[in-house]
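Since every read-out is calculated from the coordinates, none of them should be taken as a lab result. What you see is a predicted model, and the numbers here were worked out from it, not measured in a lab. Heads up, the Cβs are rebuilt from the backbone with ideal geometry, glycines too, and the neighbour counts pull from every protein chain shown.
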Amino acid sequence: MASAPILDLPAARNALRATFGFDDFRGRQAEVVERTLAGQSSLAVMPTGAGKSLTYQLPAVMLEGTCVVISPLIALMHDQLRSARANGIRAATLTSADADWRETQDAFRAGELDLLYVAPERASQPAFRDFLSSARLALFAIDEAHCVSEWGHDFRPDYRMLRPLMDAFPEVPRLALTATADRQTRPDMLNQLGIPEDGLVLAGFDRPNIRYTIRHRDNPVRQLTTLMAERPGPGIVYAQTRRKVEDLADKLAAATGRQVLPYHAGLDPQTRAANQAAFVASEDMVIVATVAFGMGIDKPDVRFVAHVGVPKSIEAYYQETGRAGRDGDPSAATMFWGAGDFATARMRLAEVDEERRNAERARLDALAALVETPECRRAVLLRHFGEDPPQTCGNCDNCLDAPDVTDATELARKLLSAVYRTGQSFGMGHLQKVLTGAEDERVRQKGHDRLSVYGIVEGEEARLLQPLGRALQARGDLVPTEHGGLALGGSAREILKGEREVAIVVPPKRQRRGRRGGDE
Ligand code: ADP
Ligand code: ZN
């Protein structure tokens, strides 16, 4: 009788070489693999590109029985399937897009599969539990595990059915994988998937070669042209709508003379594929895209990722900016934000289900805090991912050129009173005119020149109205109305009553010199 193979780290290294051709583990892969081989359950939180797949694929090859992989997207599953098979791993998928169900089921029952990929919808069906009982299981791998948490940015109710399924196989270890690790989501994932707290393996999220910069957007074409001149080489510009993608691509091409192509879901598939292929092959092309672009693209030499408009969340920001500088060379992640981005996002909160609304709001608040912080951007990011980084990094805008922080409590009270006294239906432009006492036809017409707030802001203070208005909108203390005006929201009443102070960040003088006007 053959003795059982020894499943330890040296054995895993040999298998790593034999199966994947890699010399060694990266980051904390070894730890995850070791735990899994020892039958322990883990939650591996690692950034995109860290090599999460390997941490279940390798044990799947080494352990007896099949590793069942839960994955939320058929397209992702098929990608994984292809790459697993390319390494000689016996893998199959059971999805609505597959025609070979019978063969796959037979192979599973015969113990001839290392990996079996299924969607959570399937996994939650009783028949599937019976099916799994018909052969030996090595491991449950739960990909994109944040989908189990309402705090995650991608909640999928079917993920909640995984726990009962896995509980039916108590001896089978679980390995949950995700790149999302904020403080609320992490304990929830452990809890919902039945993984002990000490099973958390958090890998480094720092990308030291990426320089983070976050600026107010005043003229995106000019700002991007400058960025492109500073960072020759391939770049990705994320814009929020198809129209903006097209428009920016045209204008940037005209302004820089470089090859700039658009990418969004509205382009016909051939054009889209051609533009993507051109980008991947190019050494100096810029692609302007919606967030549809980037998933599964392996281009190590992207020199910058720019956001025109705020991303959906800090997780999304990290993931999208993480496409820069995979080769380790200096790269830039630059965001150009506007108050309107937050206003729109906060307006959309009203359409979100009530249970999700708090999580969505927390996500926006975290993003606003990152955008507005006078502190090291990297430190804020890494703390968000549960790390304990140094206070400064020396490679972000705030570390390189410290912004001023100003107490704007009094000014905020003036602005918010003006909002209130004008009936909560006017935009920043009008409010500014009222507050600074402008001679203006519309102000007079509305009788706003007779309000007590007329002309109460002057000199240096007037200059702070714009950044203050932005900050209050980002924080949700000023919220947009349907007709483009501003109304009180969030903590506005506390500020008015003097119960809350307001500090804002003022960009360093050097940045303020630029020409005004343009986008907003
Ligand atoms: P993730 O799922 O964490 O985003 P992937 O599993 O897709 O990352 O892996 C990213 C890339 O890193 C893949 O090309 C993979 O082959 C490679 N990779 C993973 N582990 C190693 C390793 N130990 N040594 C070298 N390359 C690795
Ligand atoms: Zn920094």
Over segment 9-109, what is the relative contact order in whole percent, taking alpha-carbon pairs under 8 Å and six or more residues apart? 22
If a helix is a whole DSSP H run, which ones in the chain reach 20 Å or further along their own axis (Cα) and hold a mean Kyte-Doolittle hydropathy of at least 1.0? none
Suppose a student asked you for the relative contact order of segment 66-185, using Cα pairs under 8 Å spaced at least 6 residues apart; what percent would you report? 30
Over the chain: helical MRE at 222 nm, DSSP H runs n ≥ 4 each giving -39500 (n - 2.57), nearest 500: -12000 deg cm²/dmol
The extension gain from residue 441 to residue 365, computed as 0.36 nm times the residue separation minus the Cα-Cα distance, is 23.6 nm
Against the 2.2 N^0.38 Å rule of thumb, the C-alpha Rg of segment 51-176 sits at a ratio of 0.97
Net charge near residue 382 (other residues with Cβ under 9 Å of its Cβ; Lys, Arg +1; Asp, Glu -1) is -1
If you build the Cα gyration tensor of segment 10-87 and take the root of 5 times each eigenvalue, what three semi-axes come out, in whole angstrom, biggest first? 18, 15, 14
Qualifying aspartates and glutamates (Cα of each under 12 Å from Cα of residue 312; at least 8 residues distant if same chain): 154, 320, 341, 360, 365
Log entry: pair-distance distribution for segment 347-397, C-alpha pairs binned every 5 Å from zero, whole % per bin is 4, 20, 22, 19, 12, 11, 8, 4, 0
Can you tell me the Rg and the Dmax, both Å, for the Cα atoms in the chain? 26.3, 98
Taking every C-alpha to C-alpha distance in segment 361-505 and binning by 10 Å from 0, the per-bin percentages run 11, 36, 30, 16, 6, 1
Run the dipole for segment 337-421 about the Cα centre, Lys and Arg Cβ at +1, Asp and Glu Cβ at -1, nothing else charged, and hand back the magnitude in debye, nearest 20. 300
Cβ density ranking, 10 Å radius, fewest first, applied to 74, 495 yields 74, 495
So if we plug the beta-carbon distance of residue 6 and residue 482 into 1/(1 + (r/R0)^6) with R0 = 41 Å, what FRET efficiency do we get, rounded to 0.05? 0.05
Roughly how big is the chain's charge dipole about its Cα centre, with Cβ charges of +1 (Lys, Arg) and -1 (Asp, Glu), in debye to the nearest 20? 1260
For segment 237-251, list residues with backbone N below 18 Å from a point placed 7 Å from the Cα of residue 295 toward its Cβ? 238-242
Determine the relative contact order of the chain: mean sequence separation of Cα pairs under 8 Å and six or more apart, normalised by residue count, in whole percent. 12
Gyration tensor (Cα only) of segment 279-349 to equivalent ellipsoid, semi-axes in Å sorted down, yields 25, 12, 11
Extension gain from residue 229 to residue 421, taking 0.36 nm per residue of separation minus the Cα-Cα distance: 64.5 nm
Would you give the gap between the C-alpha center of segment 136-162 and the C-alpha center of segment 11-89, rounded to a whole Å? 17
Rg and Dmax [Cα atoms of segment 198-281; Å; Rg one decimal, Dmax integer]: 16.2, 55
Virtual paramagnetic centre 7 Å along Cα→Cβ of residue 155, amide N under 16 Å, in segment 193-235: 193
Quick one: 70, 6, fewest Cβ neighbours within 10 Å first, how do they rank? 6, 70
Computed over the Cα atoms, what is the radius of gyration of segment 123-248 divided by 2.2 N^0.38 Å, N being its residue count? 1.55
